[in-house]
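The structure appears below as structure tokens.
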Amino acid sequence: MDGEGLAIGRESPLGEDLALLFERHTADMHADTPPESIHMLPRSALVSPEIAFFVLREGGVPVGMGAVKRIAADHGEIKSMHVLAEARGRGHSRRMLDALIAHARSEGMARLSLETGVQPTFVAARGLYARAGFVESAPFGDYRPDPNSVFMTIDLEGAD
């Protein structure tokens, strides 16, 4: 992707060297969110024709992941976006988000939505999404109102 040995590409979520990413993602989701409000997909469920799964590698080592799930012909959802704590602060989350948005656009999606938490551990993520143009929205797809969830969406036809 650039001269720093960074690459983002589509991969299988079942890749052998991705275990740490999934372990950390799961631990973060369970850290301060009630179980009934965790909407993370199990790793095996990310293997689906409706889901495009991406890995960010730094020097060949996986340090971030994210996925876009098609939930309607023109609507996608960001799933399982995570960057390892030790790799944060270097713009990797924004790189991954930009790649997911670009993928959604290339697939003809007009809107991209996500669900994230209200807890303090999600403040940085909500800020990242807002800076990218996402705005708070009503629940979408199969989601229902949840006091532990924030729903956000971006209009891909009007966003840059």
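For the reader, a short list of remarks on this structure follows.
- Within the option set HIS75, HIS82, HIS92, being touching a His at 6+ places or on another chain (Cβ under 7 Å), surrounded by 18 or more Cβ atoms within 10 Å (Cβ to Cβ), more than 13 Å from GLU11 (Cα to Cα) and not small (Gly, Ala, Ser) holds for one residue only, HIS82.
- Residue count, segment 78-112 (criterion: in a helix (DSSP H, G or I) and either in contact with a helix residue (DSSP H, G or I) (Cβ under 8 Å, 6 or more places away or on another chain) or among the aliphatic types (A, V, I, L, M) (or both)): 11
- Long-range neighbours under 8 Å by Cβ, at least six apart or interchain, first residue at pLDDT below 95 within segment 115-129, second in a helix (DSSP H, G or I) and acidic (Asp, Glu): THR121/ASP28
- Scanning segment 118-129 for residues that are in a loop (DSSP other than H, G, I, E, B) and touching a strand residue (DSSP E or B) at 6+ places or on another chain (Cβ under 8 Å) turns up just one, VAL118.
- Among (1) in a helix (DSSP H, G or I); (2) among the acidic types (Asp, Glu); (3) surrounded by 15 or more Cβ atoms within 10 Å (Cβ to Cβ), the one test that GLU115 misses: (1)
- Candidates in segment 121-153 are the residues that are touching a Lys or Arg at 6+ places or on another chain (Cβ under 7 Å) and of a type in the set (A, V, I, L, M); of these, the one that is surrounded by the fewest Cβ atoms within 10 Å (Cβ to Cβ) is LEU128.
- Pairs, first outside any strand (DSSP E or B) in segment 132-155, second among the hydroxyl-bearing types (Ser, Thr, Tyr) and modelled with pLDDT of 95 or more, C-beta under 8 Å, six or more apart: PHE134/THR153; SER137/SER113; SER137/THR153; PHE140/SER113; PHE140/THR153; GLY141/SER113
The values are calculated or read from the model by the stated rules, or taken from the named source; none is laboratory data. As the structure is a computational prediction, the values presented were derived from the model and not from experiment. For neighbour counting, all protein chains shown are included, and Cβ atoms are generated from backbone atoms with ideal geometry for every residue, glycine included.
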